[in-house]
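A short worksheet on the structure shown next.
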Amino acid sequence: MSDLSDLLKAPEASLEAKDDFFAINELYMEKGWGDGLPLIPPTEARVAAMLEYCDRPWNEPVGKVAPRYGEATPLRLAANAVMAGCKPEYFPIIVLAVEAMCDEAFNLYGIQATTHMCAPLVIVNGPGAKEIGMNSGHNAFGPGTHSNATIGRAIRLILLNIGGAIPGLGDMSTFGGPNKYSYCVAENEAGNPWEPLHVERGFPKEATCVTVVGGECPHNVNDHESISGLGILKTIAGTLISTGMNDVYYPDAQPLIVLGPEHAATIANDGISKKDVKKFITEHAKIPLGTFSQENIERRFRVAFASAFKTAGLDAPVPMIHNADQLLIAVVGGAGKHSAIIPTFGATKAVTRALKRKDGQYARNMQEMRRGWDSIVSICFN
């Protein structure tokens, strides 16, 4: 790794500003470096503290963030994490999430530049989520938990400042959405009657993992009356049925079903596995072709899905999910007979990454990601 003093010699590497919180924030806003909310100035000491939890070379990118394809070096990530208000021990999760989002399968360019209202959702599993106090229960998608809020916000600042997702320029979303401020939760593994999301995706339970999903905001599923698992699943399948959802147009789309712990318990107590859940929802989330506009039928279904719909009648069933194995299931939330669906951008794949040490072994805790320094050194801003 290059000596840090060499990195600081670049003229664009740091910025001197008056030591005034409001003046600094005005400067940041003028330069377009923020999300509209007040930012914590990324001073040398604050960024140094953040980088204590980084065992990678500071100037080597973990990925390139679309649409600008800016290099996401740990140094730049740390500055944005400070600006978002993160504690240093959150930093390994941020680095891991950025690495996952830069995976080609995730299609970050599409998610960033689309007119759709999607944003990267970060789902954290494993002991690291509990260690940093992430919320997986009541109000997990909402305000009130420092780790969820600031990690999600750091991701957004990285997408803006490094990726160039500036509204109206790199980010062309017609409406935007609150998911573009902060979108980060932990899975409620204690309330999950099946294997957690990261285990289902091939990682050991003791691993700390991040899964990124290019999703819309959660849409509530209210079912207080069903006392059977199949009843709840029928309600969820019915909620998925929508002619305007992106996922219906992509054969390999991966919408996310977020089950509340009460719904999940009722379903599992009826002997229904997670695989059964996916199969039932896929089979029942179908809508007649004639529900779509004539233009959509002629210009999309009879063209893009010609093998199934070129000569099909208007009563032909259109699946909202084309492949049950692609459906994502997570358990999040507190008490209450609610679940949620999270439609996606469609042209995206969820990506999961595990936190690992330099030797390739899974990190047992955040302390294993720390770099052993004898002293705090000067760190650049950009």
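Read-outs: derived from the displayed coordinates by stated rules, not from any lab. Since we're looking at a predicted model, the values are computed, not measured. Backbone-built Cβ (ideal geometry, glycine too); neighbour counts: all protein chains shown.
Within the chain, the longest run free of chymotrypsin sites (Phe, Trp or Tyr not before Pro) that sit in a DSSP loop with at most 12 other Cβ atoms within 10 Å is 176-372. As a rough guide to protection, the peptides 200-206, 73-79 ranked by mean Cβ packing within 10 Å, highest first, stand as 73-79, 200-206.
Spatially close Lys pairs in segment 210-323, defined by Cα atoms under 25 Å apart and a spacing of eight or more places or different chains, total 9.
Remark on segment 93-146: Rg and Dmax equal 13.4, 37 Å (Cα only).
Cross-link check: pairs K130/K337; K180/K358; K130/K349 evaluated at a Cα-Cα cut-off of 28 Å; pairs beyond the cut-off: K180/K358. Share of pairwise Cα-Cα distances greater than 26 Å in segment 258-382 is 53 percent (whole percent).
In terms of overall dimensions, the chain has a Cα radius of gyration and Dmax of 22.0, 73 angstrom. Across every pair of non-identical alpha carbons in segment 198-321, the mean reciprocal distance, once inverted, gives a Kirkwood radius of 16.4 Å.
Over the residues of the chain, the helix contribution to mean residue ellipticity at 222 nm works out to -8000 deg cm²/dmol, using -39500 (n - 2.57) for each DSSP H run of at least 4. Neighbours of A308 by Cβ distance under 13 Å: Lys/Arg scored +1, Asp/Glu scored -1, total +4.
Scaled to the globular estimate 2.2 N^0.38 Å, the Cα spread of segment 120-200, given as radius of gyration, is 1.23.
Kirkwood Rh over Cα pairs of segment 131-248 into Stokes-Einstein at 4 °C, 1.567 mPa s: D in µm²/s? For the chosen part, D equals 76 µm²/s. For segment 261-339, the set of trypsin sites (Lys or Arg not before Pro) satisfying both a DSSP loop assignment and a count of at most 12 other C-beta atoms within 10 Å is given as K310. Excluding same-chain neighbours fewer than eight residues apart, the lysines reachable from K18 by a Cα-Cα span under 23 Å are K9, K31. Each part reduced to its alpha carbon centroid, segment 204-255 and segment 40-89 end up 33 Å apart.
Of the DSSP H helices in the chain, those that are both long (alpha-carbon extent of 20 Å or more along the helix axis) and hydrophobic (Kyte-Doolittle mean at least 0.0) are 146-161.
Other residues whose C-beta falls under 12 angstrom from the C-beta of G133 contribute a net charge of 0, scoring Lys and Arg +1 and Asp and Glu -1.
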